[in-house]
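The values are calculated or read from the model by the stated rules, or taken from the named source; none is laboratory data. In this text, all values refer to a predicted model and were calculated from it rather than measured experimentally. A quick note on method: Cβ atoms are made from the backbone with ideal geometry, for glycine too, and the neighbour counts reach across all protein chains shown. Side chains are part of the model used for accessible areas, which takes the heavy atoms of the whole protein and leaves out ligands, DNA and RNA. Shrake-Rupley method; radii C 1.70, N 1.55, O 1.52, S 1.80 Å.
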Amino acid sequence: PPPLLVFLHGYDPTFTFASFPCFPACLTNVANRTGALIAAPFGRGNTDYQHIGEQDVFRVIDEMRLRYHADPQRVVLAGVSMGGLGVWCIGARWADRFNALVPVCGRADFYVWHELAPAELPGWQRELVDTQFATRYFERLLGTPVFATHGRYDDIVTYEQGAYPIRELRRLG
């Protein structure tokens, strides 16, 4: 069965089903060379691929398996910006469902993003944040290949926000 490349789009308040962007050429080139299927869940627009957005990602993966017989052992999750956040968070929580991750310019940690210490949030909110973001689940990624990249001059998701998950994975071994 063919591998599946799942691409998560970045944030854009104007995205609708009608204005959804096409796949990046670098991904379609990889899919063409390898015979991979490629899919792009809409993720309900701009949900950071959390909650219902995460469910949409898995629904698309399941549909690709059912309709096109995608190999469940060869699913690569890739995304840019907000999609990179989705890659980190979904990929870390569900590491056993992916055989590689490609986050591009993606943040992974709420506290780094908002320049907060966990103690600055009330306990109930900290619990919600910690279950949704990737940091708590990084150890699950130690057996998963990750190719992460981030530009130093990104003016939306800073280099520090994108470098943090890589440093954490290295620290964990």
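Worth pointing out:
- A single entry from 146, 157 fulfils the requirement of being touching a residue at least 40 places away in the same chain (Cβ under 8 Å), in contact with a strand residue (DSSP E or B) (Cβ under 9 Å, 6 or more places away or on another chain) and either acidic (Asp, Glu) or surrounded by 13 or more Cβ atoms within 10 Å (Cβ to Cβ) (or both): 146.
- The numbered conditions (1) under 30 Å from residue 25 (Cβ atoms); (2) surrounded by 18 or more Cβ atoms within 10 Å (Cβ to Cβ); (3) not basic (Lys, Arg) are all true for residue 63 except (2).
- The selection criterion, being surrounded by 14 or more Cβ atoms within 10 Å (Cβ to Cβ), within 26 Å of residue 129 (Cα to Cα), among the aliphatic types (A, V, I, L, M) and modelled with pLDDT of 95 or more, does not hold for residue 70.
Table: residues versus (1) touching a strand residue (DSSP E or B) at 6+ places or on another chain (Cβ under 6 Å); (2) over 18 Å from residue 134 (Cβ atoms).
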{"site": "2", "(1), (2)": "yes, yes"}
{"site": "30", "(1), (2)": "no, yes"}
{"site": "33", "(1), (2)": "no, yes"}
{"site": "63", "(1), (2)": "no, yes"}
{"site": "76", "(1), (2)": "yes, no"}
{"site": "80", "(1), (2)": "yes, no"}
{"site": "103", "(1), (2)": "no, no"}
{"site": "114", "(1), (2)": "no, no"}
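- Checked against the criteria, residue 90 counts as open to solvent by less than 40 Å² (accessible area, probe 1.4 Å) and β-branched (Val, Ile, Thr).
- Residues in region 46-60 that are open to solvent by 10 Å² or more (accessible area, probe 1.4 Å) and hydroxyl-bearing (Ser, Thr, Tyr): 1 in all.
- Filtering region 69-81 to residues that are hydrophobic (A, V, I, L, M, F, W, C) and in a strand (DSSP E or B) leaves 75, 76, 77, 78, 80.
- Residue count for region 19-39, restricted to those that are assigned to a loop (DSSP other than H, G, I, E, B) and touching a Leu at 6+ places or on another chain (Cβ under 8 Å): 1
The rows are residues; the columns are (1) touching a Lys or Arg at 6+ places or on another chain (Cβ under 7 Å); (2) farther than 22 Å from residue 137 by Cβ; (3) in a helix (DSSP H, G or I); (4) in contact (Cβ under 8 Å) with a residue 60 or more places away in the chain.
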position	(1), (2), (3), (4)
41	no, no, no, no
49	no, no, no, no
67	no, yes, yes, no
83	no, no, yes, yes
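- Residue, least open to solvent (accessible area, probe 1.4 Å), within region 112-137, restricted to residues that are more than 18 Å from residue 168 (Cα to Cα) and hydrophobic (A, V, I, L, M, F, W, C): 121
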